[in-house]
Amino acid sequence: MRKKMMVTLLTSVCLMGPVSMLTQTHPQVVQAASKGKLRIKGNKKVRLYTNRGKKSKYYAYTSRTYSYSAKNYLKIGKKKHLAYKIGNNSHWILAKNAKLVKKTVDRYSQAVIKLPSGYTRSALLEAYKGHPSEEFIAASMKGMEENNFSRVATDESASDKKLINPDKLSASEQHELADFSLRVINSAREQLGLEPWIYSTGTQELADDIAKEYEEHGRSIKDQGHYVEGIVKACQKHGLELDDNYVEDMAGFTINKTTMPMGEMKRNVYFGLKQMVFGFAGSGEDERKNKSLYREWEHAGDLFNTQGSSHDGDHNYYGFSISKTGKIYSMHFISVPTFIVESEKYNTNYFRP
């Protein structure tokens with residue numbers, strides 16, 4: 001059950017600049033649900049039509065993207081023409097003058113870790129014990145390759161382009177990252193038939209105090225080991241009588257500036273989790289094809305409660321925090337196993353999850 005450290009160093013490109021928010025009030029507008037988006041073909045404006053097939057006095061322009069709420073055939077003269085309805089006043093654009101825009105998704109809300117065939121709990125348990133099969137290593141290498149969220153940045157939302165300071169996160173930013181990381185963890189747990197981990201304010205407070213212990217004593221992920229003394233101190237402060245590290249998994253990265261986009265931070269979180277799941281001990285994506293770097297699945301045993309104990313298959317209570325030492329950022333994935341919470345031996349001061 002003891003958790004060891006995996007060093008994860010990523011180089012992040014930081015964008016510096018002011019961030020402001022303008023709140024405006026607009027009258028409420030009721031609009032038909034959008035079924036898709038389109039743009040104009042060619043480089044000239046296009047005449048629009050009414051729902052009766054008559055030319056409108058309005059045009060669609062090449063510089064804009066339009067949402068359409070319906071498509072139908074308009075009778076223009078003696079012929080019928082397929083058209084799309086845009087706007088709220090029954091304006092129609094002929095399909096021959098338009099091209100549809102492919103739908104995109106918010107990758108940051110959809111980010112998951114998909115486990116390849118061959119990644120099973122029984123195979124993981126053998127790997128956790130230090131005896132990974134060739135098939136399991138191959139599945140892990142495939143997982144590192146196919147789960148590309150951490151190295152492909154597209155379709156970011158406006159909020160994910162917002163600059164943040166990982167060392168001075170607001171409460172909402174920290175909760176967003178905790179929610180993001182937990183969702184990624186649970187996406188993988190679900191594929192193994194495991195109950196989801198649960199975010200809890202008690203564990204979040206524990207995570208915050210563990211991060212403080214690291215910062216106050218100048219410790220980081222590069223010190224080649226968890227800061228056990230600080231972890232134990234924080235646990236006992238919260239009523240958990242533990243004498244070793246039973247709650248922390250850890251990853252990290254370095255940046256040379258104090259700010260970075262939220263989306264970049266999420267990619268760092270994702271890469272750290274992906275490393276843990278697939279036993280990858282390399283320092284970056286560029287090394288993912290090196291088979292010799294797939295050798296450490298103790299983190300995966302923690303994330304999937306698969307360690308060959310009587311508590312296998314349990315679920316944990318979760319919190320997430322970040323500490324900074326110099327230019328090194330350590331990400332603390334803190335989880336308290338259910339059996340510890342329910343134990344009178346370990347939970348002596350009634351730790352509240």
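The values are calculated or read from the model by the stated rules, or taken from the named source; none is laboratory data. No experiment lies behind these values; they were computed from the predicted model shown. Reconstructed Cβ throughout: ideal geometry from the backbone, glycine too, with neighbour counts over all protein chains shown. Areas reflect the complete protein model, heavy atoms only, side chains present, ligands, DNA and RNA absent. Shrake-Rupley method; radii C 1.70, N 1.55, O 1.52, S 1.80 Å.
Of the residues in the range 131-153, not one is open to solvent by 40 Å² or more (accessible area, probe 1.4 Å) and over 30 Å from Glu298 (Cα atoms). There is at least one residue in the range 53-67 that is part of a strand (DSSP E or B), surrounded by fewer than 12 Cβ atoms within 10 Å (Cβ to Cβ) and at pLDDT below 90. Selection over the range 311-353 of residues that are assigned to a loop (DSSP other than H, G, I, E, B) and more than 14 Å from Gly252 (Cβ to Cβ) gives a count of 16. What do you reckon, is Tyr350 open to solvent by less than 10 Å² (accessible area, probe 1.4 Å) and over 16 Å from Asn245 (Cβ atoms)? Criteria not met by Tyr350. Against the list (1) under 25 Å from Val341 (Cα atoms); (2) part of a loop (DSSP other than H, G, I, E, B), the condition Ala251 fails is (2). Among the conditions (1) at pLDDT 90 or above; (2) within 30 Å of Asn245 (Cβ to Cβ); (3) not aliphatic (A, V, I, L, M), the only one that Arg2 does not satisfy is (1).
Mind listing whichever residues of the range 116-144 are without any contact (Cβ under 8 Å) to a residue 12 or more places away in the chain and part of a helix (DSSP H, G or I)?
Start the filter on the range 116-144 by keeping residues that are without any contact (Cβ under 8 Å) to a residue 12 or more places away in the chain, which leaves 122, 126, 130-131, 133-134.
Of everything in the range 116-144, those that are without any contact (Cβ under 8 Å) to a residue 12 or more places away in the chain and part of a helix (DSSP H, G or I) turn out to be Ser122, Glu126, Glu134.
Evaluate the following for Lys266: is it basic (Lys, Arg) and closer than 26 Å to Lys233 by Cα? In short, no. If the condition is being more than 19 Å from the chain's Cα centre (by Cα) and within 30 Å of Gly143 (Cα to Cα), then the range 196-226 contributes Thr203, Ala211, Ser220, Ile221, Lys222, Asp223, Gln224, Gly225, His226. Taking into account only those residues within the range 284-310 that are of a type in the set (D, E, K, R) and assigned to a loop (DSSP other than H, G, I, E, B), which is nearest to Ile255 (Cα to Cα)? So the residue we want is Arg288. Candidates in the range 249-299 are the residues that are of a type in the set (Asp, Glu) and closer than 19 Å to Ser323 by Cα; of these, the one that is least open to solvent (accessible area, probe 1.4 Å) is Asp249. Taking the range 202-242 as the range and being open to solvent by less than 10 Å² (accessible area, probe 1.4 Å), in contact (Cβ under 8 Å) with a residue 40 or more places away in the chain and in contact with a strand residue (DSSP E or B) (Cβ under 8 Å, 6 or more places away or on another chain) as the test, the residues that pass are Gly202, Thr203, Leu206, Ala207, Ile210, Ala211, Tyr214, Ser220, Ile221, Gly239, Leu240. Among the residues of the range 189-201, none qualifies, meaning not one is more than 30 Å from Ser157 (Cβ to Cβ), in contact (Cβ under 8 Å) with a residue 24 or more places away in the chain and either part of a helix (DSSP H, G or I) or among the polar types (S, T, N, Q) (or both). Scanning the range 145-188 for residues that are in a helix (DSSP H, G or I) and of a type in the set (S, T, N, Q) yields Ser150, Ser159, Ser172, Gln174, Ser181, Asn186, Ser187.
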